[in-house]
1. For residue 197, state whether it is surrounded by 10 or more Cβ atoms within 10 Å (Cβ to Cβ), modelled with pLDDT under 50 and not hydrophobic (A, V, I, L, M, F, W, C).
2. Look through 112, 125 and report the one residue that is among the small types (Gly, Ala, Ser) and in contact (Cβ under 8 Å) with a residue 40 or more places away in the chain.
3. All but one of (1) modelled with pLDDT under 90; (2) under 16 Å from the mean Cα position of the chain (by Cα); (3) farther than 21 Å from residue 106 by Cα hold for residue 161, so report the exception by its number.
4. Does residue 177 qualify as being modelled with pLDDT under 85, outside any loop (DSSP other than H, G, I, E, B) and not basic (Lys, Arg)?
5. From 62, 95, 74, which residue is within 30 Å of residue 157 (Cα to Cα) and touching a residue at least 24 places away in the same chain (Cβ under 8 Å)?
6. Among the numbered criteria (1) at pLDDT below 55; (2) more than 20 Å from residue 85 (Cβ to Cβ); (3) surrounded by 14 or more Cβ atoms within 10 Å (Cβ to Cβ); (4) not β-branched (Val, Ile, Thr), which one does residue 36 miss?
7. Considering only helices (runs of 4 or more DSSP H) fully contained in segment 82-156, which possess at least 3 residues that are farther than 25 Å from residue 59 by Cβ?
8. Kindly list, by first and then second residue, each pair from a residue in segment 38-58 that is of a type in the set (S, T, N, Q) to a residue that is surrounded by fewer than 18 Cβ atoms within 10 Å (Cβ to Cβ) and in a strand (DSSP E or B), limited to pairs with Cβ atoms under 7 Å and residues at least 6 apart or on different chains.
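The values are calculated or read from the model by the stated rules, or taken from the named source; none is laboratory data. As the structure is a prediction and not an experimental result, all values here were calculated from the model. Cβ sites come from the backbone with ideal geometry, for glycine too, and all protein chains shown count toward neighbours.
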Amino acid sequence: MSSTWCSPYSSAGKGLLPAYRRAPHPDDVGARPYRGGMRLLHTSDWHVGRTFHGADTVDALRTVLEELAATVRRERIDVVLVAGDVYDSAMPAGRHVEALTRALQSIRDAGAQVVLSSGNHDSPARLGANAGFARAGGLHLSTTALDPESWRIELDDEHGPVHVFAVPYLEPVVLRAALPEGLDWETTEVITLEDAGTTGLEEDCEITLSVTGVVY
């Protein structure tokens, strides 16, 4: 699963948005507290529905996700990022869908929005169903690999808009079918931010994007 998360802050000394400092927290590292503003908690690979030696792990996972929601509330997290492999199977059982739904609801009740992208274990069509409706409730789904503009999700805090680029798993078979005939790729093709429709934005990004398995 390759994924990119971008910040609206620029290290070039321009485009910096105002920041404030909160009171020191017991879990702060070092003498300086974390900068105030939007707080993001990055997670991935929940694999809801995974079995271990034939045993369903969903009950143990519920406990973990309950603690995640508690962390969101305790640490005043604004956004939880889930970078792919939400389910362990493209066809999750009903109890696993219910477990995910409850976990996401608990996170929303704790005060955070959720940005979720599909991974190679997920079915993009199933995971992304009703994405527009879910967005109204604070759940932002990115599952359309062939629509880079859909990867950009705009959130807001007191400093203004924050753009999150939630890149879903780029399935080689799907990409191969969408590429022009006769295209010869011997090495990895780089996907730039301009390709994602970000012209005019200033971001600092740690980008690790690759397309593998596309050989002609």
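1. Details: surrounded by 10 or more Cβ atoms within 10 Å (Cβ to Cβ): yes; modelled with pLDDT under 50: no; not hydrophobic (A, V, I, L, M, F, W, C): yes.
Against the criterion (surrounded by 10 or more Cβ atoms within 10 Å (Cβ to Cβ), modelled with pLDDT under 50 and not hydrophobic (A, V, I, L, M, F, W, C)), residue 197 does not qualify.
2. Numbers: 125 fails: in contact (Cβ under 8 Å) with a residue 40 or more places away in the chain.
Only one candidate qualifies: 112.
3. For residue 161, the failing item is (2).
4. So residue 177 fits the description; yes.
5. Working: 95 fails: within 30 Å of residue 157 (Cα to Cα); 74 fails: touching a residue at least 24 places away in the same chain (Cβ under 8 Å).
After applying the criteria, what remains is 62.
6. Single failed check for residue 36: (1).
7. Values: elements: 94-109, 124-127, 131-136.
By residue number, 131-136.
8. 57/51
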